[in-house]
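Novice: Take a look at this one; I'll ask things after.
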Amino acid sequence: MRNDEFVNLHVHTEYSLLDGVCRIKKLIERVKVLGQTAVAITDHGNMYGAIEFWNTAREAGVKPIIGCEVYVARRTRHDREPKFDASPYHLILLCENNEGYKNLVKLVSLASIEGFYNRPRVDFELLQKYHSGLICMSACLAGEIPRLLVEGHYDEAKAVALKYRDLFGENNYFIEVQNHGIKDELRILPLLYKLSAETNIPLAATNDSHYINKNDSETQNVIICIQTGKTLDDPNALKFESDEFYIKSADEMAELFKGHEEAVTNTVSIAERCNVDFEFGNIKLPKFTLDGVTDNKEYFRQLCRKGMFEKYGASPDDKVIERMEYELDVITKMGYTDYYLIVWDFIRYAREHNVPVGPGRGSGAGSLCAYCIGITGIDPIKFNLLFERFLNPERVSMPDFDIDFCIEGRQSVKDYVVQRYGKDYVSEIIAFDTLKARAAVRDVGRVLGISYQLCDRVAKEIDPRATLDEAIKESEELDSLYHTNRDVRNIIDLAKQIEGMPRHTSTHAAGVVISAVPLIDLVPLQRNDDTVVTQYTMGVLESLGLLKMDFLGLRNLTIIRDTVKEIHRSEPDFNINSIPTDDQGVYKMMSAGDTQGVFQFESEGMTARVVELVPERLEDLIVIISLYRPGPMKSIPVYIENKNHPDKVTYKHPILKDILEDTYGCMVYQEQVMEICRKLAGYSYGHADIVRRAMAKKKHDVMLKERESFVNGAAANGVSEDIANSIFDEMVSFASYAFNKSHAAAYAYLAYQTAYLKCHYRGIYMSALMSSVMGASAKLAEYLNSCKEYGIEVLKPDVNKSNKTFTHANGKIYFGLLAIKNVGSGLADKIINERAENGNFYGLQDFCERVGGRELNKKALENLIKAGAFDGLGLNRRQMLESYESILDMTGAGTRGVIEGQLNFLDGEDTTEMNVRVPYKQEYDEKTLLALEKDATGMYLSGHPLEPYNWLMEMLHAKKISDIITHTDMKDGMSVKLVCTVESSKIHITKNGEKMCFVTFADETGEVEGVVFPDLFMINGSKLNTDAVVLINGKLSVKDDRLTVICGAIIAETEFERHVSNMKLCIKAESADTAIKNELTELCKKYKGDTVVCCYLSDIKKTVIPRSKLCLKVSKESCEELKNIYDIAKIGLIQ
C-alpha cells in the first residue's frame, strides 16, 4: 500500500493530559517521514492543542484535521449518579468544515460547563443540536458500540449505529475498527465488519495513537503512573495492554486489516473532506459604546486633547501636539480607537471606585494618548519613550496594555468588565502547569521505584530555571551522575521525554479576554472550579484576533493606598502623584541600602546594586531596573564607572551622544536601538522596531539583509562602513537582552513613590507594608526589626488596642490581629466591634463571654494568649494557657462569672456571677514566652533569643545577617561569624551515603542559608535543632548573587561560656601607648575568669601578652564596663 493511502485519524497529543505523549512538533515530523499527507488531533474531551497543531502541520505541509474524542453521557449530561453515570462512552468527532469547527467548539464547551462529572460529557441532545459539519467515528473499545458488542448485545449495537448514522447523515458516520492485539478487539472485529455490511455504514481503520514510536510505550506507562500515583511495578497500575498504540504506517495498517483494506483507505477520503481554516490577525474588537457618544473617533480625540491641556498646560509645546496628532492618526488608521476607549473606561471605573491603578507597565507607557487619557501615569515626552515600541504602524499586531490594580480591588474591575460587555463575551484564560525539569525527575524516579534520596539528590542539582540538558551542562555533579549511575541515566532519559509537557490546567492569574461576539462561537471554553476559562492560551487568543487584557494585582498599590489614606488624616491635600521626583533624601536613603519595602529594590542583589550605583535621579532607578537581569547585569560596573567618571565616556560616532548620553554611553534600552537605527541609518521608528525584534529573536536572514540597509543608510549620514558595522554588531549582541524603557520607567516611578513614602512617612508606610505581608511571618519579622532599628516601637498584640491590620498612631505601630495564627477576619471584626460598642475587655472571661461564638475557637484563643494579647489583664500567660479551655467551655455554655485573681471592675455590684478559681502560677521564663510568641505569630515580639548575647556579638565583631546580605564588600570566600538561631534544617544524603545539612539561620535582621558538610555534621548535627541559638564560624559562598554560609564550626548556646574562656581578649593599640590601663586591671580583679588579655600593636603588626598576665571572665556585665574603658572598635575576642 502506498504511504499516502492511510491517515491517522485517532491521535492523542500531549494535551490529553498525562495520557498522551505525542508532542505536536514531533508528531508532524513523524507523519512526514511516513509519507502521510494529513493527520488528526483527537484529544480526550478538549481542544487545547487545536491551533498549535493546525499551525505546526500547515507549516510542515501536512493537512491538519481538527477533532476531539468526546465523552458521551450514558443517559443525559445532567445525570450524575455513580452507579449509572461514572463511565461515559467515547466518540470521535472530526471537523469537516468551519461550521463543524464551530459546532465542535460548542460541544466541547458545554460538555465541560454543563456536563462535567469526572469528565466533560456531551449527550445525545447536544449532538442533535450541534452535529452539522462534523464527521463521526464510533471510537475505541470504550465507545458505545464496541462496549455493547463485548457484552454480547449485537442488536442493540446495530440500533445505536443506525441512530448515529441517521443523526450525522449518510457517509458522515463511520464504524471505527482497531487492532492493537487486544483480546476484546480481536473478538469484536468480525462483528464490526458484519455490522458495517448489514447497515452500509462504511469502516474507518484507526490506531489509538498515544505515542509516536513503538519504543515510546514505556514513556506512556510512566506518564499514566504519574497521573494515577502508581509505580510501574505496582500490580494494580493502569497500563496499556500492548505496545501498539503508536503512529502507524499505511503498510502496518494494511497488514492489520487484510481483506478490509477499504477501512484503511477510507481514512484518506475522510481527510480529503476535512477542510477547516482559521482567520489570524483580523482583530475582533468589541465596539465601545457610551450614552451620548455617537462618534468614537471624535470622542477619543476630545479626551486626548482635554488630557493634553491638563498635563501640559494651555499652550503645550509643538512637539507634544505633533506627537499627539501622529498617535491619533496611527491609532485611528489601525482601528484601535475602541481598544483605547475600552481600556480607558475600566480604568476610569477603577479610579471612580477608589481602586488604585498603576502608572503603567510594558510598552504601553510609551503612548502619549494613553498618558493624556489616564491609562498610564508616566510622561513619555519627559522620559523619551517611543510610541512605536507599543504600536507599530509598519507591523500589524494587537496592542497590549497590561494594567496593575490594587490587589484588593482588582476583582471588582474584572466584575465591571463582565457586567459591561456581558458574561458570554468575557472570559478568563487557561494556563497550563507543565512538568518542569525538577518535577519530571522526581515523578519519574518515584514511578520507577528509585529511592527518594537519589531522586532528591538529582533534583537538587537542577537549577529551577534550567532544562535537563542545560542542567547537565551546568552541573559537574549531575553530569558525573548521569554518566556513571545507571538509575540516574534512566531517570533523566525518561524525564527528558516528558519535560515541558502540560500536567494540568489552571486559570491565568491576570488574563481576561473580551470578544465582539459570544466566545462560545469562536473558542472552546471549560469550567475551572467556579470560573469559566478559554481552552486556548493567551498567545493563541491574540493570534485569533481576540482582545486580551492583563488585570494584574500589585500589592504595592494597596500599600500606597493605605499609606496615603492615613496621611490624609493630617495632610488632606497630599497627592502621591504630585510628589517631586528629585528629592535627594529619598535617593540617600536608598543609597544607604535602606530599601526594605521599596518596590522592585528590596532583594539582596538589587539592594547591593543600588548601594554601588548611588542613585541621584529617577533615570538612575530606571537603569537599575533595566540592567538587573541575567545578561545585561555585566554592564552595571561599566555604567557605574562612567557615571562616576563622565570624562571616560566615549562614543563611536557623535550622533550616538544624544542617544546614549543619559545612560553614560551604555546601551540599556530597546528604545535606544530604535533611535540608533533612526538617527544613524534614517529608518522610520516602525522599521527600527522591526529590526530590533529581528535582532532580539536572532533572525539571521533578516539581520543579514538589514545590515546592508543600515550600513548604506549610515553612509548617507557620514558614518564610515567600519563604524556602522561595529555599531550594528554591538546592537545585535545587546538586543537579545535589551529592556523596554517604557516598562522600566513606569516601575521606577512606582518604586520611587514607595521610597518617598518610606522616607518621609516611615511609621505609616511600615504599618501598611506589614499589613500587606501578615501571612508571611519571615518577611513580617524582617520589617518589624527594621522598625526597631529606626526607633519605631511596635507594640505587641492587645485585645483592647489592636485592629485587624497594623496601625500607626502616636509614633507607634500597633500589632494587627490578623497576623496572629487562626485569628480570622470574622473574629477580628467581632473583637473590634464589641470593644467599640461596650468598652475595653477587662479579663479573659469577660472577653470569652462578650466575644464567644462560632468565630472564637480554642486555637484562636490559645494563640491570642500566647501572643500576649491579654497581658496586663490580671492573669499571666501561664495561668491563662492552663485554664482557657475550661473558661471557654463555661462561657460557651451560657454561664457568667468572674475568675479569681483577675481584675473585676464590677466589684461592689450585686451580681450572681460564678467565680472560677484560677490558682496562681509563676509566669514562664522569658525564653518560653518568646517561644510562645513565635508559635502564635511566626516571630518573636517582646524580645529576641539573641538579645542576651548582644555583648558576645559585639566582642566577636560578628556580622548581622542583613550586613552580609546587603553590603557589597562581602566577597566569596570571606570569613564570617554569626550569632543566630536555627530557623529550619534539612538533612541531605551525599552520593557516599553520608549525612550533610542545609540550614536556614536567622537573627533579628533576616535569614541566610547555610551548608554543613558531612564531617562537621557528624560531630555537630545535634546542635541544629529548630530555634537553637548557635555561634557559626564560616566562609561566604557567593554565586550568581546567591549568598550561602559554608559552616566551619558550630558552637551551641550551652558552650558559649567555655568557648569564650578559651579565647583571648585583644586590645588594639600602638607600641607607644599604654594599652593596659589601671581600670582594666581592676576589672579583671572584679570579674575573675580564664579569658587571657592580649594586645595587638598595630604599628608593628604584632600580638603580645603582657608580662603581668591578666585574665577576665567575659560576660554581659564585664563587657558593659569594658566599653567604658575602651572604644568597642579597639577591643574584641580572638582565637
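The values are calculated or read from the model by the stated rules, or taken from the named source; none is laboratory data. Source: prediction; values computed, not measured. Neighbour counts run over all protein chains shown; Cβ positions are idealised from the backbone, glycine included.
Novice: Would you confirm whether any residue within the stretch 719-729 is among the β-branched types (Val, Ile, Thr), in a helix (DSSP H, G or I), outside the structural domain of Ser397 (by TED's automatic domain parsing) and under 19 Å from Arg389 (Cα atoms)? Give the steps one after another, and end with the answer.
Specialist: Here is the first cut: in the stretch 719-729, the ones among the β-branched types (Val, Ile, Thr) are 719, 723, 727.
This time we only want the ones that are in a helix (DSSP H, G or I), so: 723, 727.
Applying the additional criterion that residues be outside the structural domain of Ser397 (by TED's automatic domain parsing) yields 723, 727.
Then drop every residue that is not under 19 Å from Arg389 (Cα atoms), which leaves none.
No, there is no match, as no residue in the stretch 719-729 is among the β-branched types (Val, Ile, Thr), in a helix (DSSP H, G or I), outside the structural domain of Ser397 (by TED's automatic domain parsing) and under 19 Å from Arg389 (Cα atoms).
Novice: Within the stretch 283-316, which residues are touching a residue at least 40 places away in the same chain (Cβ under 8 Å) and either in a loop (DSSP other than H, G, I, E, B) or at positive phi (or both)?
Specialist: Ile283, Lys284, Leu285, Pro286, Lys287, Phe288, Leu290
Novice: How many residues are among the polar types (S, T, N, Q) and in contact with an Asp or Glu (Cβ under 9 Å, 6 or more places away or on another chain) if we restrict to the stretch 290-304? Show your work before the answer.
Specialist: Applying the first criterion (among the polar types (S, T, N, Q)) to the stretch 290-304 yields 294, 296, 302.
Right, trim to in contact with an Asp or Glu (Cβ under 9 Å, 6 or more places away or on another chain) and you get 296.
So the answer is 1.
Novice: Further, regarding this structure: Determine the pairs where a residue that is farther than 24 Å from Gln584 by Cα, located within the stretch 734-755, has a partner that is part of a helix (DSSP H, G or I) and polar (S, T, N, Q) with Cβ atoms under 7 Å apart, the partner being 6 or more residues away or on another chain.
Specialist: Matching pairs, first to second residue: Ala738/Gln670; Phe739/Ser626; Phe739/Gln670; Asn740/Ser363; Asn740/Gln670.
Novice: Restricting to the stretch 1085-1121, and then to whatever is out of contact with any Ser or Thr (no Cβ under 8 Å at 6 or more places or on another chain), at pLDDT 90 or above and among the hydrophobic types (A, V, I, L, M, F, W, C), can you tell me which residue is surrounded by the most Cβ atoms within 10 Å (Cβ to Cβ)?
Specialist: This residue is Val1093.
Novice: Residues that are crowded, with 20+ Cβ neighbours inside 10 Å, part of a loop (DSSP other than H, G, I, E, B) and of a type in the set (D, E, K, R): does the stretch 246-267 have at least one?
Specialist: yes
Novice: State whether the residues of the stretch 645-660 include one that is part of a loop (DSSP other than H, G, I, E, B), in contact with a Lys or Arg (Cβ under 6 Å, 6 or more places away or on another chain) and either under 27 Å from Ala751 (Cβ atoms) or in the same structural domain as Ala724 (by TED's automatic domain parsing) (or both).
Specialist: Just the residues of the stretch 645-660 that are part of a loop (DSSP other than H, G, I, E, B), to begin with: 645, 649-654.
The next check asks that each one be in contact with a Lys or Arg (Cβ under 6 Å, 6 or more places away or on another chain); those that pass are 651.
Checking the rest, the ones that are also either under 27 Å from Ala751 (Cβ atoms) or in the same structural domain as Ala724 (by TED's automatic domain parsing) (or both) come to 651.
There is at least one residue in the stretch 645-660 that is part of a loop (DSSP other than H, G, I, E, B), in contact with a Lys or Arg (Cβ under 6 Å, 6 or more places away or on another chain) and either under 27 Å from Ala751 (Cβ atoms) or in the same structural domain as Ala724 (by TED's automatic domain parsing) (or both).
Each row is one residue, and each column tells you yes or no for (1) modelled with pLDDT under 95; (2) touching a Pro at 6+ places or on another chain (Cβ under 8 Å); (3) of a type outside the set (Ser, Thr, Tyr); (4) within 20 Å of Leu391 (Cβ to Cβ).
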residue: Glu262; (1), (2), (3), (4): no, yes, yes, no
residue: Thr267; (1), (2), (3), (4): no, no, no, no
residue: Ile270; (1), (2), (3), (4): no, no, yes, no
residue: Asn275; (1), (2), (3), (4): no, no, yes, no
residue: Phe309; (1), (2), (3), (4): no, yes, yes, no
residue: Glu325; (1), (2), (3), (4): no, no, yes, yes
residue: Asn354; (1), (2), (3), (4): yes, no, yes, no
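Novice: Restricting attention to the stretch 1024-1037, does a residue exist that is at positive phi, assigned to a loop (DSSP other than H, G, I, E, B) and touching a residue at least 12 places away in the same chain (Cβ under 8 Å)? Lay out the reasoning, then the answer.
Specialist: From the stretch 1024-1037, those at positive phi are 1027; that's our starting set.
Now drop any that are not assigned to a loop (DSSP other than H, G, I, E, B), which leaves 1027.
Now restrict to residues that are touching a residue at least 12 places away in the same chain (Cβ under 8 Å): 1027.
So far as the stretch 1024-1037 goes, yes, one or more of its residues are at positive phi, assigned to a loop (DSSP other than H, G, I, E, B) and touching a residue at least 12 places away in the same chain (Cβ under 8 Å).
Novice: Pairs only if they're at least six apart or on different chains, beta carbon under 8 angstrom, first in the stretch 844-869 and on the phi > 0 side of the Ramachandran plot and assigned by TED's automatic domain parsing to the domain that holds Gly824, second polar (S, T, N, Q) and at pLDDT below 90; list them, first residue then second.
Specialist: Once the first residue is on the phi > 0 side of the Ramachandran plot and assigned by TED's automatic domain parsing to the domain that holds Gly824 and sits in the stretch 844-869, its partners that are polar (S, T, N, Q) and at pLDDT below 90 give Gly868/Ser942.
Novice: Another question, if that's okay. When you check Ala139 against the structure, is it of a type outside the set (Val, Ile, Thr), assigned to a helix (DSSP H, G or I) and within 51 Å of the chain's Cα centre (by Cα), yes or no? Let's see the steps before the verdict.
Specialist: On the way: of a type outside the set (Val, Ile, Thr): yes; assigned to a helix (DSSP H, G or I): no; within 51 Å of the chain's Cα centre (by Cα): yes.
Against the criterion (of a type outside the set (Val, Ile, Thr), assigned to a helix (DSSP H, G or I) and within 51 Å of the chain's Cα centre (by Cα)), Ala139 does not qualify.
Novice: I've got another one for you. If Asp43 satisfies every condition in (1) surrounded by fewer than 24 Cβ atoms within 10 Å (Cβ to Cβ); (2) under 37 Å from the mean Cα position of the chain (by Cα); (3) at pLDDT 95 or above; (4) charged (D, E, K, R) but one, which is the exception?
Specialist: Single failed check for Asp43: (1).
Novice: Kindly list, by first and then second residue, each pair from a residue in the stretch 696-721 that is exposed (fewer than 13 other Cβ atoms within 10 Å of the Cβ) to a residue that is not hydrophobic (A, V, I, L, M, F, W, C), limited to pairs with Cβ atoms under 7 Å and residues at least 6 apart or on different chains.
Specialist: Here the result reads Lys698/Ser736; Ala716/Gly682, each pair linking the stretch 696-721 to a residue that is not hydrophobic (A, V, I, L, M, F, W, C).
Novice: Scanning the stretch 613-637 for residues that are in a loop (DSSP other than H, G, I, E, B) and at pLDDT 90 or above, which turns out surrounded by the most Cβ atoms within 10 Å (Cβ to Cβ)?
Specialist: First pass over the stretch 613-637, keeping only residues in a loop (DSSP other than H, G, I, E, B): 614-617, 628-631.
From what is left, the residues that are at pLDDT 90 or above are 614-617.
Details: Val614: 15, Pro615: 24, Glu616: 14, Arg617: 14.
Restricting to residues being in a loop (DSSP other than H, G, I, E, B) and at pLDDT 90 or above, the top hit is Pro615.
Novice: Ok, one more. What are the residues in the stretch 741-756 that are under 17 Å from Ala592 (Cβ atoms) and not small (Gly, Ala, Ser), if any? Lay out the reasoning, then the answer.
Specialist: Keep residues of the stretch 741-756 that are under 17 Å from Ala592 (Cβ atoms), which gives 751-752, 754-756.
If the condition is that a residue be under 17 Å from Ala592 (Cβ atoms) and not small (Gly, Ala, Ser), then Tyr752, Thr754, Tyr756 are the ones that fit.
Novice: Mind checking which residues of the stretch 509-529 are of a type outside the set (Ser, Thr, Tyr) and not in a strand (DSSP E or B)? Before the answer, list the steps.
Specialist: To start, the set of residues in the stretch 509-529 that are of a type outside the set (Ser, Thr, Tyr) comprises 509-514, 516-529.
Correct list: Ala516, Val517, Pro518, Leu519, Ile520, Asp521, Leu522, Val523, Pro524, Asp529.
Novice: Does Ser132 qualify as being surrounded by 21 or more Cβ atoms within 10 Å (Cβ to Cβ), under 29 Å from Lys194 (Cα atoms) and hydroxyl-bearing (Ser, Thr, Tyr)?
Specialist: Working: surrounded by 21 or more Cβ atoms within 10 Å (Cβ to Cβ): no; under 29 Å from Lys194 (Cα atoms): yes; hydroxyl-bearing (Ser, Thr, Tyr): yes.
For Ser132, the condition - surrounded by 21 or more Cβ atoms within 10 Å (Cβ to Cβ), under 29 Å from Lys194 (Cα atoms) and hydroxyl-bearing (Ser, Thr, Tyr) - is not met.
Novice: All but one of (1) under 40 Å from the mean Cα position of the chain (by Cα); (2) at negative phi; (3) not charged (D, E, K, R) hold for Asn118, so report the exception by its number.
Specialist: Just one mismatch for Asn118, condition (2).
Novice: Right, another one. Check Val999 against each of (1) within 23 Å of Glu954 (Cα to Cα); (2) touching a Ser or Thr at 6+ places or on another chain (Cβ under 8 Å) and name the one condition it does not meet.
Specialist: Val999 satisfies every listed condition except (1).
Novice: Based on what the data block shows, is Glu1117 touching a residue at least 12 places away in the same chain (Cβ under 8 Å) and out of contact with any strand residue (DSSP E or B) (no Cβ under 6 Å at 6 or more places or on another chain)? Show your work before the answer.
Specialist: On the way: touching a residue at least 12 places away in the same chain (Cβ under 8 Å): yes; out of contact with any strand residue (DSSP E or B) (no Cβ under 6 Å at 6 or more places or on another chain): yes.
In short, yes.
Novice: What are the pairs with Cβ atoms under 7 angstrom where one residue, in the stretch 994-1020, is touching a residue at least 60 places away in the same chain (Cβ under 8 Å) and the other, located anywhere, is small (Gly, Ala, Ser) and surrounded by 17 or more Cβ atoms within 10 Å (Cβ to Cβ)? Sequence gap at least six, or different chains.
Specialist: Short answer, once both residue conditions are applied: Thr1005/Ser962; Gly1006/Ser962.
Novice: Counting only residues that are assigned to a helix (DSSP H, G or I) and in contact (Cβ under 8 Å) with a residue 60 or more places away in the chain, how many does the stretch 214-230 have? Break it down stepwise before answering.
Specialist: Narrowing the stretch 214-230 to residues assigned to a helix (DSSP H, G or I): 214-228.
Those left that are additionally in contact (Cβ under 8 Å) with a residue 60 or more places away in the chain: 216, 218-220, 222-227.
The number of residues fulfilling the criteria is 10.
Novice: Hey, among the residues in the stretch 962-1006 that are farther than 20 Å from Lys460 by Cα, assigned to a strand (DSSP E or B) and among the hydroxyl-bearing types (Ser, Thr, Tyr), which one's modelled with the highest pLDDT?
Specialist: The qualifying residue modelled with the highest pLDDT is Thr981.
Novice: Of the residues Phe734, Phe739, Phe728, which single one is surrounded by 20 or more Cβ atoms within 10 Å (Cβ to Cβ) and closer than 27 Å to Ile403 by Cβ? Write out each step before concluding.
Specialist: Values: Phe734 fails: closer than 27 Å to Ile403 by Cβ; Phe728 fails: closer than 27 Å to Ile403 by Cβ.
The match here is Phe739.
Novice: Would you check which residues across the stretch 1015-1074 are within 32 Å of the chain's Cα centre (by Cα), buried (at least 18 other Cβ atoms within 10 Å of the Cβ) and more than 15 Å from Ser985 (Cβ to Cβ) and list them?
Specialist: Those that are within 32 Å of the chain's Cα centre (by Cα), buried (at least 18 other Cβ atoms within 10 Å of the Cβ) and more than 15 Å from Ser985 (Cβ to Cβ): Leu1036, Leu1043.
Novice: Name the residues in the stretch 429-448 that are surrounded by 21 or more Cβ atoms within 10 Å (Cβ to Cβ) and either among the β-branched types (Val, Ile, Thr) or under 30 Å from Leu290 (Cβ atoms) (or both), would you?
Specialist: Ile429, Ile430, Val441, Val444, Val447
Novice: Another one. Please find, among Val532, Val540, Val610, the residue that is more than 30 Å from Tyr117 (Cα to Cα) and either within 29 Å of the chain's Cα centre (by Cα) or not in a loop (DSSP other than H, G, I, E, B) (or both). Explain how you work it out, then say what you get.
Specialist: Numbers: Val532 fails: more than 30 Å from Tyr117 (Cα to Cα); Val540 fails: more than 30 Å from Tyr117 (Cα to Cα).
Residue meeting the stated conditions: Val610.
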